[in-house]
């Protein structure tokens, strides 16, 4: 029997039973299909993953259809009210960092690292406050699905953490978020990258210090199964961590130097994050 993560039950309760807004806790959450469609990042939940493959007799089809309709309506429900959704639904412009000669890594974040997302991320990441996960999941679902990527040709690589940090923190917050994104996009996670235990925390470092700190920080432990890779991190402040991970994938997968970009171009790497920068900056 498949063992569920310890947070999954609480997440289901928040998403499918608790109909109050997960941010203000006052208003009812609004189905995403009823939210204004002017925002380019708006998306709904893929309901195919919850549909049953069971076969029914003709006289049962009507009841099953109604049941499926109710489930789809609930799965299309948002976790925030309209007002709170619009208070955070600011899809930042994507930015790029170089990972090889003539090759850039595009990075798209779901929102800005501002209040209340900043406080929610910090509470979830550093204090294991799972009550913030529904809010973060709502924000995560605003990310547009990568064009041309699907479960047969792509994988998601969550920013690896060190064993030392995992033991100290007790859980991997980026992996928790990546698992939810994997389920939403229906693109599998791949854990074939290891982070070496010789780097310090990136918090408070300049961009140059971040890049230097991440030299040789990642190593592939398995052969990459596909040529489309989606990198994911919770917060992309300068993009240095995603840049270092992208460079490691290019150089170690191809076995070439980053200057031999004509072969590296056979691989398509993009990056996504929950939050980036500040809307006021």
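The values are calculated or read from the model by the stated rules, or taken from the named source; none is laboratory data. Model, not experiment: these values are computed from the prediction. Please note: Cβ atoms are built from the backbone with ideal geometry, for glycine as well, and neighbour counts cover all protein chains shown.
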Subject >> Residues (at pLDDT below 85 and touching a strand residue (DSSP E or B) at 6+ places or on another chain (Cβ under 7 Å)) located in segment 183-216 >> reply: 196
**OP:** Filter segment 80-120 down to the residues that are surrounded by fewer than 20 Cβ atoms within 10 Å (Cβ to Cβ) and part of a strand (DSSP E or B), then identify the one that is modelled with the lowest pLDDT.
**Re:** 103
**OP:** Please specify each residue of segment 172-191 satisfying the condition of being surrounded by fewer than 16 Cβ atoms within 10 Å (Cβ to Cβ) and not in a helix (DSSP H, G or I).
**Re:** 186, 188, 191
**OP:** Taking the options 160, 144, name whichever one is surrounded by 21 or more Cβ atoms within 10 Å (Cβ to Cβ), in contact with a strand residue (DSSP E or B) (Cβ under 8 Å, 6 or more places away or on another chain) and in a loop (DSSP other than H, G, I, E, B).
**Re:** 160
**OP:** Restricting attention to segment 100-129, report how many residues are under 19 Å from residue 247 (Cβ atoms) and free of Cβ contacts under 8 Å to residues at least 60 places away in the same chain.
**Re:** 1
